[in-house]
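Worksheet: one structure, shown below.
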Amino acid sequence: MPEEIKNTAETSGVNPQDDSNADVVENQTENVNEAEFTDTPPEEGGGQPPKPEEKQVQSRAQNSENARRRREAERQQEIKAAREKAIIETLNGKNPYTGEEMKDSADVEEYLTMKEIEKGGGDPLADFSKFQKRRERERAAQAAESEQQAEWFRKDREDFSAKYPDVNVEKLIQNEQFQLFAGGKVGNLPLAEIYEGFLKVGIEYEKKAKQMARQMLANKKASPGALSSPNTPDSTFYTKEQVQKMSEKEISQNYDAIRASMKKWKY
């Protein structure tokens, strides 16, 4: 889970001189729930809809990613073409197994297949057809497996959307906190089950963070000379720094003790 949830009490800025810090910590503690991933307007119980500028940022980011993928695909194609050209030139334009001229990708693929057959102890010419059939069956099996997996993901998303219609699946999947929690689970467990576990863990961390904040506040109130005590005895000593952090109400409530403390200050 994200560090900001685990460390809420440590990073919330609890000031031992301010009684309002418990509320501040509660307000600062992030509650991981459906609203963070919904596009439903607040009056309907969901989160804020994306602002126009946010949509523009998302659109630019998506366009940038699409452009990057196109460039990568073009680069891979260029590498493949350069490799094939190098193979043809190295073999002086002839397949050493068949003696036939090599001109394009199909010829290079045939040569590489024969080379692989020979490497496996087979006959590049006699075993070529059998090898090709076996390879095609393997490719078909892989394609069927990929299609089956794609269908599973499609159905899983449909089930998730039916159960949580207000949750934006893309926004959820792109959330870094969810990615950390879901690592190794996606594809093995239904998305709805992963999401429900994510929410439970987030709520538990939030509860612990609030408990820690309240305990810190309770300890502060129980300590001698707490600034928040309205009935501080006159014998209480306050430092100059403590007084500077007091509110007008606190100064008024502890005026006599502050006056007595000022006599002991070193300027």
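Beta carbons closer than 6 Å, at least 6 apart along the sequence or on distinct chains, pair a first residue in region 204-225 that is aromatic (Phe, Trp, Tyr) with a second that is at pLDDT below 70 for Tyr205/Met1; Tyr205/Ile5; Tyr205/Lys6.
For Phe198, the conditions (1) assigned to a helix (DSSP H, G or I); (2) surrounded by fewer than 15 Cβ atoms within 10 Å (Cβ to Cβ) all hold with the exception of (2). Checking region 90-103 against the condition returns a match, with at least one residue being in contact with a helix residue (DSSP H, G or I) (Cβ under 9 Å, 6 or more places away or on another chain) and among the aliphatic types (A, V, I, L, M). Reported count of residues in region 87-104, each being open to solvent by 50 Å² or more (accessible area, probe 1.4 Å) and either of a type in the set (Gly, Ala, Ser) or touching a strand residue (DSSP E or B) at 6+ places or on another chain (Cβ under 9 Å) (or both), is 3. For region 128-143, does any single residue satisfy the condition of being open to solvent by less than 70 Å² (accessible area, probe 1.4 Å) and not in a helix (DSSP H, G or I)? No, every residue in region 128-143 fails to be open to solvent by less than 70 Å² (accessible area, probe 1.4 Å) and not in a helix (DSSP H, G or I). So is Glu109 free of Cβ contacts under 8 Å to residues at least 40 places away in the same chain, open to solvent by 60 Å² or more (accessible area, probe 1.4 Å), out of contact with any strand residue (DSSP E or B) (no Cβ under 9 Å at 6 or more places or on another chain) and acidic (Asp, Glu) or not? Against the criterion (free of Cβ contacts under 8 Å to residues at least 40 places away in the same chain, open to solvent by 60 Å² or more (accessible area, probe 1.4 Å), out of contact with any strand residue (DSSP E or B) (no Cβ under 9 Å at 6 or more places or on another chain) and acidic (Asp, Glu)), Glu109 qualifies.
Yes or no, residue by residue, for (1) basic (Lys, Arg); (2) modelled with pLDDT under 55:
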| position | (1), (2) |
| --- | --- |
| Glu34 | no, yes |
| Pro41 | no, yes |
| Glu53 | no, no |
| Arg60 | yes, no |
| Asn63 | no, no |
| Arg71 | yes, no |
| Arg75 | yes, no |
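Beta carbons closer than 8 Å, at least 6 apart along the sequence or on distinct chains, pair a first residue in region 112-129 that is touching a residue at least 12 places away in the same chain (Cβ under 8 Å) with a second that is among the hydrophobic types (A, V, I, L, M, F, W, C) and exposed (fewer than 13 other Cβ atoms within 10 Å of the Cβ) for Met114/Leu125. Checking every residue in region 87-97 against the condition of being part of a helix (DSSP H, G or I), free of Cβ contacts under 8 Å to residues at least 40 places away in the same chain and within 43 Å of the chain's Cα centre (by Cα) gives zero matches.
Of the residues making up region 222-239, those that are at pLDDT below 75 and surrounded by 13 or more Cβ atoms within 10 Å (Cβ to Cβ) number 6.
The values are calculated or read from the model by the stated rules, or taken from the named source; none is laboratory data. Predicted, not measured: the structure shown is a model, and the values here were computed from it. Heads up, the Cβs are rebuilt from the backbone with ideal geometry, glycines too, and the neighbour counts pull from every protein chain shown. In case anyone asks, the SASA skips ligands and DNA or RNA and just uses the protein heavy atoms, side chains included. Shrake-Rupley method; radii C 1.70, N 1.55, O 1.52, S 1.80 Å.
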